[in-house]
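Q: My structure is below; once you've seen it, I'll send some questions.
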Amino acid sequence: MPDTALLIIDMQRAMLKDAHDGEACLGRVAELADRARADGVPVVYLRQQFAQLHAEWLEIHPTLAPRPGDVVLDKESADSFLGTTLGQVLEERAVRRLVVTGFASDYCVDSTSRSALSHGYDLVLVADGHTTMERPAGTEPTAAQIVAHHNGIFSVIQYAGRSVTVAAAAAIRFDGSQTT
């Protein structure tokens, strides 16, 4: 059984409507999910809950629709571990390393990545597999700068006893030859 899981955080219609590089990011994450499934790696979706939105807006984007065997967990905070069964799901599958993708780089992706490290998981942040909302013209930092900033932070962050890697989706391997 693989010791890796792919996390897909908040890739929902409502969130991705105005996302930076949204369509391309969706395509990369969908291809990564297909490769993970082909190699027997669990694919875990986290879905942010918002009472004020219509149910159809809470759906995972159709490009990334979960498949049989995938896990879908609802959450109410930026940290995907807080108030969810994510830790239990990962423990049941003997997961030690998380490949993280999703929306938004500066909120849920960041919070979940840091929490994963604090919970004892090694981390692979998919450099081109997370995104955030576009900002109005002239606003800084731009969405592209936010994504780059988080890739930069996680490429140098250190957690005792943890491995942290930032890699492009195309470089991620699940077949045991090398994760990145």
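Q: Residues in region 116-140 that are buried (at least 21 other Cβ atoms within 10 Å of the Cβ) and at pLDDT below 95: how many?
A: Here the count works out to 0.
Q: Could you check how many residues of region 132-180 are of a type in the set (Lys, Arg) and either in contact with a strand residue (DSSP E or B) (Cβ under 7 Å, 6 or more places away or on another chain) or closer than 18 Å to Leu6 by Cβ (or both)?
A: Qualifying residue count, region 132-180: 2.
Q: Ok, one more. Test each condition in (1) buried (at least 18 other Cβ atoms within 10 Å of the Cβ); (2) in contact with a strand residue (DSSP E or B) (Cβ under 8 Å, 6 or more places away or on another chain); (3) among the polar types (S, T, N, Q) for Ser111 and report the one that comes out false.
A: (2)
Q: Being small (Gly, Ala, Ser), closer than 12 Å to Leu7 by Cα and either without any contact (Cβ under 8 Å) to a residue 40 or more places away in the chain or touching a His at 6+ places or on another chain (Cβ under 7 Å) (or both) narrows it down to one residue among Gly129, Gly102, Gly83; which is it?
A: Gly102
Q: Report yes if some residue within region 45-58 is part of a loop (DSSP other than H, G, I, E, B), under 23 Å from Gly120 (Cβ atoms) and of a type outside the set (D, E, K, R); otherwise report no.
A: No, region 45-58 contains no residue that is part of a loop (DSSP other than H, G, I, E, B), under 23 Å from Gly120 (Cβ atoms) and of a type outside the set (D, E, K, R).
Q: Next question. Show the residue pairs meeting these rules: Cβ distance below 7 Å; 6+ apart or different chains; first residue within region 137-152 and over 18 Å from Leu16 (Cα atoms) and in contact (Cβ under 8 Å) with a residue 24 or more places away in the chain; second residue charged (D, E, K, R) and surrounded by 13 or more Cβ atoms within 10 Å (Cβ to Cβ).
A: His150/Asp106; His150/Asp110
Q: Check region 85-94 and report whether any residue there is within 25 Å of Lys17 (Cβ to Cβ) and either surrounded by fewer than 24 Cβ atoms within 10 Å (Cβ to Cβ) or modelled with pLDDT of 95 or more (or both). Before the answer, list the steps.
A: Going residue by residue through region 85-94, those that are within 25 Å of Lys17 (Cβ to Cβ) are none.
No, region 85-94 contains no residue that is within 25 Å of Lys17 (Cβ to Cβ) and either surrounded by fewer than 24 Cβ atoms within 10 Å (Cβ to Cβ) or modelled with pLDDT of 95 or more (or both).
Q: Within region 31-57, count every residue that is free of Cβ contacts under 8 Å to residues at least 40 places away in the same chain and either of a type in the set (S, T, N, Q) or within 14 Å of Phe103 (Cα to Cα) (or both).
A: Counting residues in region 31-57 that are free of Cβ contacts under 8 Å to residues at least 40 places away in the same chain and either of a type in the set (S, T, N, Q) or within 14 Å of Phe103 (Cα to Cα) (or both) gives 4.
Conditions (1) surrounded by 15 or more Cβ atoms within 10 Å (Cβ to Cβ); (2) more than 17 Å from Val89 (Cα to Cα); (3) of a type in the set (A, V, I, L, M), marked per residue:
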residue	(1), (2), (3)
Ala30	yes, yes, yes
Asp34	no, yes, no
Arg67	no, no, no
Asp74	no, no, no
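Q: Of the numbered conditions (1) modelled with pLDDT under 95; (2) within 12 Å of the chain's Cα centre (by Cα); (3) hydrophobic (A, V, I, L, M, F, W, C), Met11 fails exactly one; give the number of that condition.
A: Just one mismatch for Met11, condition (1).
Q: While we're here: If I filter region 163-180 down to residues being modelled with pLDDT of 95 or more and of a type outside the set (Val, Ile, Thr), which single residue comes out as surrounded by the fewest Cβ atoms within 10 Å (Cβ to Cβ)?
A: Result: Ala170.
Q: Would you tally the residues in region 157-170 being more than 27 Å from Ala24 (Cα to Cα) and either hydroxyl-bearing (Ser, Thr, Tyr) or assigned to a strand (DSSP E or B) (or both)?
A: 2
The values are calculated or read from the model by the stated rules, or taken from the named source; none is laboratory data. Worth saying up front: this structure is predicted, and the values here are computed from it rather than measured. Using ideal geometry, Cβ is built from the backbone for each residue, glycine included, and neighbour counts are taken over all protein chains shown.
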